[in-house]
Structure formats: structure tokens, C-alpha cells
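Below is one structure, written out as C-alpha cells, with a few remarks after it.
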Amino acid sequence: MAPRIYLVPIHLDSVEWMDRLQAGVERAFGVRTECRNHPVDLSLAFDPVRKQYRSSILLAQLIAHPPADTLKILGITDVDLFIPVLTYVFGEAQLDGIGAVVSIHRLKNSFYGLSEDNERMVERLVKEAVHELGHTFGLFHCTRAGCAMNASPYVEDIDQKSDTLCIECRRAIGLEG
């Protein structure tokens, strides 16, 4: 079997947008992408003081026993993620590793007191998925305007970038000659 990127929903109520996420990831990396269930215990990552979930613990569970044909594995959840040195993160990835995790929690307009916009949430999700998977391919943050690898500390930053890698980032991971 050819290696593939697996998308793993982690305790999500709805995944009606999974086809669009899958298409966006395939378009960005040119690798067959497939949705798959994988055991992840959210309770192990919950921090009762912060009332958030430690992304590193979710990531560790995700990569513990990947399918044999895994090129990369991306977990998608709806819980609020953090790492100890930051208030929150949209996602986390292993640099030049196999796994990444993203959350839609802060990608939803409703988190900011705005009316829900599912279309915008899905666009943000695809951008963040490409960004975190870019890290797994060894990419650092990019300063080129619009590149999906731009750093995005705020949701407004996500809205300003595209869901594709710039030519230099594509070259760096062997997608361009």
C-alpha cells in the first residue's frame, strides 16, 4: 500500500466537513488522504486548572500506534488546546515527524461572540491542517505573504493566509522541481 495521510476525528459531534478537509490536504501535499478512527482518550489530556487540553498528550496518543501505511497522521478535535508556555494553540505538530493535531474550538466564529459561519470555520481548518502537516514535513514558519506556513497566533492571521504552500515551501519538501 502507498503511504497516506490519515485524518483522525477525536470525539467530534459532527464531521460533515471532513470531505473538504481531505480534499484540501490532498491538494496541498499530493498524497492520498483518508479518514480513520484511532483511539485517543481526551481525559488524559485535560487540565482541570486551565480547563483546556494539553495538545502534546493528544499528539502522543495519536502517534503511539499508527497504521503501517501512515505517512502522516492528523488528529482533529473540538476541545480547547494549549501547551504550557502558551495560553492556547490552534494545533501542534512534530517537526519532521509523523503526527499533528488541530482543534476547531477557536476556529469557530461563535468562540469570539460572532454569528456562526461554518464556511469560514472549514476554510480556517484546512489552512491550519496544511500548516501543522507542513511542520511534520520539516517546514518552519514562512514569512512569504499568503503561505499556509505563516505563523498564526490569532484567528485573524489565519484568515489572511491561503490553504496552500508557497513555491519555496513546496520546493523544500520536494513538491516542486
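The values are calculated or read from the model by the stated rules, or taken from the named source; none is laboratory data. A quick note: this is a predicted structure, and the numbers were derived from the prediction, not measured. Cβ atoms come from the backbone with ideal geometry, glycine included; neighbour counts cover every protein chain shown. With ligands, DNA and RNA removed, areas are computed over all heavy atoms of the protein, side chains included. Shrake-Rupley method; radii C 1.70, N 1.55, O 1.52, S 1.80 Å.
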- Note, ³J(HN,Hα) from phi for segment 23-30, Karplus 6.51, -1.76, 1.60, rounded to Hz, x at Gly and Pro: 5, x, 5, 4, 5, 6, 10, x
- By per-residue mean of other Cβ atoms within 10 Å, what is the highest-first order of 166-176, 88-98? 88-98, 166-176
- Long-range amide H contacts for residue 80: which residues qualify at under 5 Å (H placed 1.01 Å from N, peptide plane, sequence gap of 5 or more or a different chain)? 53
- Task: Along Cα→Cβ, 7 Å out, is where each label goes; now give me the distance between the ones at residue 118 and residue 168 in nm to one decimal.
- Result: 3.9 nm
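If I take all pairs of Cα atoms in segment 109-177, what percentage of them are more than 19 Å from each other? Display every interim value, and only then the final one.
On the way: 758 of 2346 pairs.
So the pairs more than 19 Å apart make up 32 percent of the total in segment 109-177.
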- Calculated FRET efficiency, residue 68 and residue 154, Cβ-Cβ r, R0 30 Å, to nearest 0.05? 0.20
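Over segment 51-125, what is the percentage of antiparallel beta bridges among all DSSP beta bridges, to the nearest 5? Kindly include the intermediate steps, with their values, before the conclusion.
On the way: 4 of 11 bridges.
Counting only bridges with both partners in segment 51-125, antiparallel ones make up about 35 percent.
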- Given H placed 1.01 Å from N in the peptide plane, which residues other than close sequence neighbours of residue 71 have an amide H under 5 Å from its amide H? 4, 5, 6
- If the label point is 7 Å along Cα→Cβ of residue 111, which residues in segment 134-177 have backbone nitrogen under 19 Å from it? 134-135, 148-163
- Note, ³J(HN,Hα) from phi for segment 129-138, Karplus 6.51, -1.76, 1.60, rounded to Hz, x at Gly and Pro: 5, 4, 4, 5, 5, x, 4, 5, 8, x
- Task: Quick one: which residues, 5+ away or cross-chain, put their amide H under 5 Å from the amide H of residue 139? H built at 1.01 Å from N.
- Result: 96
- Item | Per residue value of the accessible surface for the chain (all protein chains in place, 1.4 Å probe), Å² | 48 Å²
- In Å³ and rounded to a whole number, note down the convex hull volume per residue for the Cα atoms of segment 1-94. 104 Å³
- Carbon + sulfur, % of accessible area of the chain - ligands and nucleic acids excluded, 1.4 Å: 53 percent
